[in-house]
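Asker: One structure, as structure tokens, below. Some questions next.
The values are calculated or read from the model by the stated rules, or taken from the named source; none is laboratory data. Here the structure is a predicted model, which is why all the values come from computation and not from measurement. A quick note on method: Cβ atoms are made from the backbone with ideal geometry, for glycine too, and the neighbour counts reach across all protein chains shown. Heavy atoms of the whole protein, side chains included, go into the accessibility calculation; ligands, DNA and RNA do not. Shrake-Rupley method; radii C 1.70, N 1.55, O 1.52, S 1.80 Å.
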Amino acid sequence: MSAKIEVGARSPTFRLPDQEGNDIDLAERIGKGPVVLYFYPKDFTAGCTMEAREFREMYEEFQRRGADVIGVSGDSVETHRRFAEEQELPFTLLSDVDDNVRDMYGAWSALGMPDRITYLIDRQGIVRMVFSSQMQPRKHAAEALRALEDVSAERVVTSAKSS
């Protein structure tokens, strides 16, 4: 297991299949705007379903702020497809069946189980927020949105100073 990625670190990039079987390249997504990347243990479990629904409910707000939302777990493409359809998820789910990407991010609990952890990555590929809470699945989307607002406010202040 790798060490957990922390705020200020460059986000590792990767390619994984989404719920439709298409290869998604994180570097391409980051180049278009901020990315909320969240790791979760397993489709169709109570906590993971709550978490996905929170991201679904706030998805339009993430989109308004130019952010992409991507969920990652070790579930198969087919399981992700069923989960996304059943929960009406408008965002991307990536299949990390070998846990290689989870390893890259160190997204494991102290007990070696898959961690529930959310990252906000800015368009330069820098991690701007890390929120880890196995027991508060509903808080992940709100924390990511709050951090996105803070990052957007920084950009406005920086732009105003440079003009």
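Asker: Take residue 5 and tell me if it is surrounded by 13 or more Cβ atoms within 10 Å (Cβ to Cβ), within 16 Å of residue 119 (Cβ to Cβ), at pLDDT 95 or above and of a type in the set (Val, Ile, Thr).
Answerer: Working: surrounded by 13 or more Cβ atoms within 10 Å (Cβ to Cβ): yes; within 16 Å of residue 119 (Cβ to Cβ): yes; at pLDDT 95 or above: no; of a type in the set (Val, Ile, Thr): yes.
No: the conditions fail for residue 5.
Asker: Could you please give the count of residues in segment 27-58 that are more than 13 Å from residue 145 (Cβ to Cβ), open to solvent by 20 Å² or more (accessible area, probe 1.4 Å) and aliphatic (A, V, I, L, M)?
Answerer: 3
Asker: Something else about it: Report every pair of residues separated by at least 6 positions or lying on different chains whose Cβ atoms are under 9 Å apart, first residue within segment 3-20 and more than 17 Å from residue 96 (Cα to Cα), second assigned to a loop (DSSP other than H, G, I, E, B) and open to solvent by 80 Å² or more (accessible area, probe 1.4 Å).
Answerer: Listed pairs, sorted by first residue: 10/124.
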